[in-house]
Amino acid sequence: MIVGDLLPQLIRSAAAGDQRAFAALHARYAGMVHAILLARLPPSEAEDQVQEVFLAAWKKLGQLDEAAGFGAWLCAIARNRAVDCLRRRRPTEALQDGWPDDAQPSSSDVAEAHQVLDAIRALPDAYRETLIMRLCEGMNGPEIAAVTGLEPGSVRINLHRGMKLLRDKLGVDGKVAAS
Amino acid sequence: MSDYLFDREGEPDPEIARLEAMLAPMAYRGAAPRLPRPARRAPAYVVAAAAIALAAALVAVLIGKPWRPRPPSGAVAQWIDTGEAAMRLDVGIGSVELAAHTRARFVAATRHEMQLERGTLTATIHAPPRQFVVRTPRAVVTDLGCAFAITVDAAGRGSVVVSEGRVAVAGGDAREVVVGAGARVELSEAGPGEVSAPVPAPDVQEQQGTGNRKPETGNHRMAPSGAGAHHHVSKKHPAKQIAAPATHPQPHTNTAPSKKDEAPRIQHDALKDLKNSVE
């Protein structure tokens, strides 16, 4: 974790071309960026696009006025990137695809996970992004608040409301309810 | 009272824990991207040279005589015929090697897009995906962050072999296949065929440059390119190929290497054989 006081220094160093500082920012914010992309794109494409988002951020870092706004600024880049990808997508391409890298659970687990991911993707933006950060990226509420710039109370509300909607979409045994 | 959903402390909610376990494999595990050098202001002499060129063009317009700069070596639209010797080109985001008897040209001022009419083009690109594109007579090969080699004859028949990373290969019907490290895809008049993993065969000899290559034997499935040769292209599972995971090679055949990390080495050997046969 990056202590809050260090963040402005890291951003200044990265903006000046310090790649190690940028790598530290990447380590802290990559999960958030991936969650935002995964809320809209297939897993393998989301993973690829994380790199694109950080490259775009690297190029535009000098335009960032306030270090405190870095998280929200990065969120906006990631959301715009996802929108661009969806615009370029051919209508025949399915949203679901394989799992990234070496994560290869059984086919039934994959199918069920995709069903759950689809159910999360059907939630409003604030809920789906927060829930993916929590359930998929393994971040807790305070961490989500720290990287996104949201108030911890807002994150808590997003998590609980999102989870309630998700439970409604899932059956009693956790399977996706027939629509 | 603990709130497991928010702070991940205390007694886990069984349903939330189950969802965590189910979705955890999708978590991001990638490394930081390779970064380009930060943009810098152009040196004063570059600014001065640009100003002089602009002034010269302005004077030429005023006196009614068009002024045209002399095209630099490898300029856009200028065909490059390598003849008997291979040629190495810097494309800004990597390098490209044109084998002997290759005809190619840049089709974009950025030098990030090339047209390969015939022969062999080997590219090593260090850039984000989709920054470098090679157009062959029948296919469009798009770099997704990798090293790869394309061999085609004048009719567009040939192959794409990938030694690192991935490339996307699209045909005239806009169908696109993604080829991973250690894999290859054959090109025919119909565009890209089935993705398959290469097996370097000691007797593989490829003649290229003149548009004639010997059909290959065994499991090494290079498209035959002789006149009238029949080339069967499988179009099975195109959607599955499009949707291949980011870093997965395409295990479509029994010839795929058993270990992930063996694929690049095998492919390098195949490329070396290809270069030796050219030289």
Criterion: modelled with pLDDT under 85 and touching a strand residue (DSSP E or B) at 6+ places or on another chain (Cβ under 7 Å) - qualifying residue of B:Gly180, B:Gly171, B:Gly119 | B:Gly171
Yes or no: A:Gly17 within 13 Å of another protein chain (Cβ to nearest Cβ), surrounded by 14 or more Cβ atoms within 10 Å (Cβ to Cβ) and in a loop (DSSP other than H, G, I, E, B)?
-> yes
Among (1) at pLDDT 85 or above; (2) within 14 Å of chain A (Cβ to nearest Cβ), which single condition is B:Ala39 missing?
-> (1)
Hey, can you tell me all the residues within region A:129-140 that are away from chain B (no Cβ under 12 Å) and among the polar types (S, T, N, Q)?
-> none
Could you please find all residues in region B:183-200 being in a loop (DSSP other than H, G, I, E, B) and either among the aromatic types (Phe, Trp, Tyr) or at pLDDT below 85 (or both)?
-> B:Glu189, B:Ala190, B:Ala197, B:Pro198, B:Val199, B:Pro200
Specify which of the listed residues (A:Phe54, A:Phe70) is part of a helix (DSSP H, G or I), buried (at least 18 other Cβ atoms within 10 Å of the Cβ) and within 11 Å of another protein chain (Cβ to nearest Cβ).
-> A:Phe54
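Conditions tested, residue by residue: (1) within 21 Å of A:Arg40 (Cα to Cα); (2) surrounded by 15 or more Cβ atoms within 10 Å (Cβ to Cβ); (3) modelled with pLDDT under 95.
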| residue | (1), (2), (3) |
| --- | --- |
| A:Met139 | yes, yes, yes |
| A:Ala145 | yes, yes, yes |
| A:Thr148 | yes, yes, yes |
| A:Arg167 | yes, yes, yes |
| A:Gly171 | no, no, yes |
| A:Gly174 | no, yes, yes |
| A:Ala178 | no, no, yes |
Looking only at region A:60-74, decide whether some residue is free of Cβ contacts under 8 Å to residues at least 24 places away in the same chain and small (Gly, Ala, Ser).
-> no
Among the residues of region B:14-36, write down those that are at the interface with chain A (Cβ under 7 Å from one of its Cβ atoms) and closer than 30 Å to B:Gly94 by Cβ.
-> B:Tyr28, B:Arg29, B:Gly30, B:Ala32, B:Pro33, B:Leu35
Take region B:100-156 and flag every residue that is over 17 Å from B:Val185 (Cα atoms), part of a strand (DSSP E or B) and among the polar types (S, T, N, Q).
-> B:Gln115, B:Thr124
Failed criterion for B:Glu15 (all others in (1) at pLDDT 85 or above; (2) out of contact with any helix residue (DSSP H, G or I) (no Cβ under 8 Å at 6 or more places or on another chain); (3) among the charged types (D, E, K, R) hold) = (2)
Here is a list of conditions, (1) modelled with pLDDT under 95; (2) closer than 17 Å to A:His34 by Cα; (3) outside any loop (DSSP other than H, G, I, E, B); (4) at the interface with chain B (Cβ under 10 Å from one of its Cβ atoms), and A:Ala126 meets all of them except one; can you say which number that is?
-> (4)
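The values are calculated or read from the model by the stated rules, or taken from the named source; none is laboratory data. Computed from a prediction, not measured in an experiment: that's the story for all the values here. Note that we place each Cβ from the backbone using ideal geometry, even for glycine, and neighbour counts take in every protein chain shown.
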